[in-house]
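The values are calculated or read from the model by the stated rules, or taken from the named source; none is laboratory data. In this text the structure is predicted, and so the values were computed from the model without any measurement. Every residue, glycine among them, receives a Cβ derived from its backbone with ideal geometry; neighbour counts consider all protein chains shown. To get the accessible areas, we keep the full protein, side chains included, count just its heavy atoms, and leave off ligands, DNA and RNA. Shrake-Rupley method; radii C 1.70, N 1.55, O 1.52, S 1.80 Å.
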Amino acid sequence: MSVFERTTQMRLTRRGFLAGTGAAAVAAGLPLPALAKGPVVVGTWGGDYQALLTANFEKPILEKKGIEVIHDVGNAPPRKTKLLAERMSRRGTLDVACLSDIDMFEMSKQGLFENVDPAKVPNAKNIFKALAKPYAIPHIYSGKVLVYNPSKMSPTSFSDFLDPKFKGRIGFADGLYMQVIESAALVNGGTMSNYEPAKATLTELKKLEPKIFPSNETLAAALKSEEVWATVMWRARGFMWKKAGIPLATIAPKEGATPIIFDAAVPKNAQNKDNGWAYLDAMLDPAGQVLFADRMGYVPTVNNAKLPDDLAKEIGFTEAEQEKFNKPDYEYIAANNAALLEWWNKSFKA
């Protein structure tokens, strides 16, 4: 049974029960029973992320409030498609949608989300101001860096990947096509609002036979076996891989790291908004955020989550690195995403 079918069945069953008890109450002259809120349906990626949501936020916080959670698991593209397909529906499938900041911005331009109400999400007051936005809460963040095998190479820039001595030893996860394109643009005169120069860089890199992997997991396996020696990836993911025993180091490239934020929002047509807001509030719990950082390497987004010094040094960014952050131009990416993906598939991957 799909998440939608299960959720619908649960709500129909509950509605039928309430209708029956309500009719009985009216007949007996008694007050009507309060409406049950039902489960909260959360659209997320699954895997380690879902497991940590359950362990660090759902069980210790939401279960104690009697809130049942149903996960609608999948990658971002089908989740975005679902949100768009349901936008004219009065009753949507999701109560909480989890997306990267780029995808969340694109969906927010369609007017799909409620603005975050501080009264309903009390922990929102602790969000770092630089990460705050009206339509979503920032859950965790990291930055795009170079991840490499220090026994094989010591890159300081994406341009180092074009050295012929690394032929066949550079690999990328297909899902990070936009991040690779951005990196290639910045070393060839591009800006965060112009990725066109990336095409010349990647056309040159293609001659050196870079490998494209279908997932982060397959890329990790290639790094572990030393099939490839370097990639572009989130520092948090590099931290996880290093903890798993893969010989890796990370460095913010001299052209600057790019922050990535993973957000959560409540759709305007969510069927259970109250529990959706409760879920967002739980995601900002400082204890849970510290546990997330220790396991997955993502930096907390709230100012009351204090990391141990050694962990903060491993997964965070220095003040100098933060000053050089390349801040995404969400408008540019939203307008050019489809065309750049087509070029990636047809001209670079092919």
Exercise for the section: Rounded to the nearest 10 degrees, what's the angle between the helix 273-283 long axis and the longest principal axis of the chain, both from Cα atoms, 0 to 90? Expected result: 40
Exercise for the section: Between Ala334, Ala320, Ala293, find the one with the highest GNM mean-square fluctuation for the chain; connect C-alpha pairs within less than 10 Å. Expected result: Ala320
Practice task
Take the alpha carbon atoms of segment 120-190, find their center, do the same for segment 258-318, and report the distance between the two centers in whole angstrom.
Solution key: 18
Exercise for the section: Provide Rg and Dmax in Å for segment 249-329, with only Cα atoms included in the calculation. Expected result: 15.5, 47
Problem - Rg over Rh, two decimals, segment 208-350 (C-alpha only, Kirkwood Rh) - result: 1.00
Handout entry: Rounded to 10°, Cα long-axis angle of helix 177-186 versus longest principal axis of the chain
Key = 40
Completion exercise
Checking Thr81, Thr301, Thr93 against a Gaussian network model of the chain (alpha-carbon springs below 10 Å), the top fluctuating residue turns out to be Thr81
Exercise for the section: Using amide H atoms built 1.01 Å from N in the peptide plane, name the residues 5+ places from Phe213, or on other chains, whose amide H lies under 5 Å from its own. Expected result: Phe172, Ala173, Asp174
Fill in the blank from the handout: With the convex hull built on the alpha-carbon atoms of segment 291-350, volume per residue in Å³ sits at 157
Practice task
Would you check the accessible area of Asp285, probe 1.4 Å, heavy atoms only, in square angstrom rounded to 10?
Solution key: 40
Handout entry: Table column - 3J(HN,Hα) (Hz), segment 45-58, Karplus curve with 6.51, -1.76, 1.60, x for Gly and Pro
Key = 8, x, x, 4, 4, 5, 4, 6, 4, 5, 6, 9, 10, 6
Handout entry: Label of the coordinate-derived value, Cα Rg over 2.2 N^0.38 Å, listed as (i) 1.10; (ii) 1.20; (iii) 0.97
Key = (i)
Handout entry: Viscosity 1.002 mPa s, 20 °C: Kirkwood-radius Stokes-Einstein D of segment 162-275 over Cα pairs, µm²/s
Key = 135
Practice task
Rank Ala278, Thr156, Pro300 by how far each Cα sits towards the positive end of the charge dipole of the chain (+1 on Lys, Arg Cβ; -1 on Asp, Glu Cβ) and give me just the farthest.
Solution key: Ala278
Practice task
Note the angle between two axes, namely the Cα long axis of helix 76-85 and the longest principal axis of the Cα atoms of the chain, as a number of degrees from 0 to 90, rounded to the nearest 10.
Solution key: 40
Completion exercise
Taking the square root of 5λ for each eigenvalue of the C-alpha gyration tensor of segment 152-195, the equivalent ellipsoid has semi-axes, largest first and in whole angstrom, of 20, 13, 8
Handout entry: the chain - accessible surface per residue (Å², probe 1.4 Å)
Key = 46
Exercise for the section: Give the range of the longest stretch in the chain that excludes all chymotrypsin sites (Phe, Trp or Tyr not before Pro) found in loop regions by DSSP and having at most 16 other beta-carbon atoms within 10 Å. Expected result: 129-324
Completion exercise
In whole percents, the bins of 5 Å from zero upward hold the Cα-Cα pairs of segment 140-220 as 3, 14, 24, 28, 21, 8, 2, 0
Handout entry: Helix-only CD estimate at 222 nm, as mean residue ellipticity for the chain, using -39500 (n - 2.57) per DSSP H run (n ≥ 4)
Key = -11500 deg cm²/dmol
Problem - Volume of the Cα convex hull of segment 34-134, divided per residue and given in Å³ - result: 130
Completion exercise
Over all pairs of different Cα atoms in segment 84-226, the reciprocal of the mean inverse distance gives a Kirkwood radius in Å of 18.3
Practice task
Return the loop-located trypsin sites (Lys or Arg not before Pro) in segment 243-347 (DSSP other than H, G, I, E, B) with at most 16 other Cβ atoms within 10 Å of their own Cβ; answer none if there are none.
Solution key: Lys254, Lys268, Lys306, Lys324
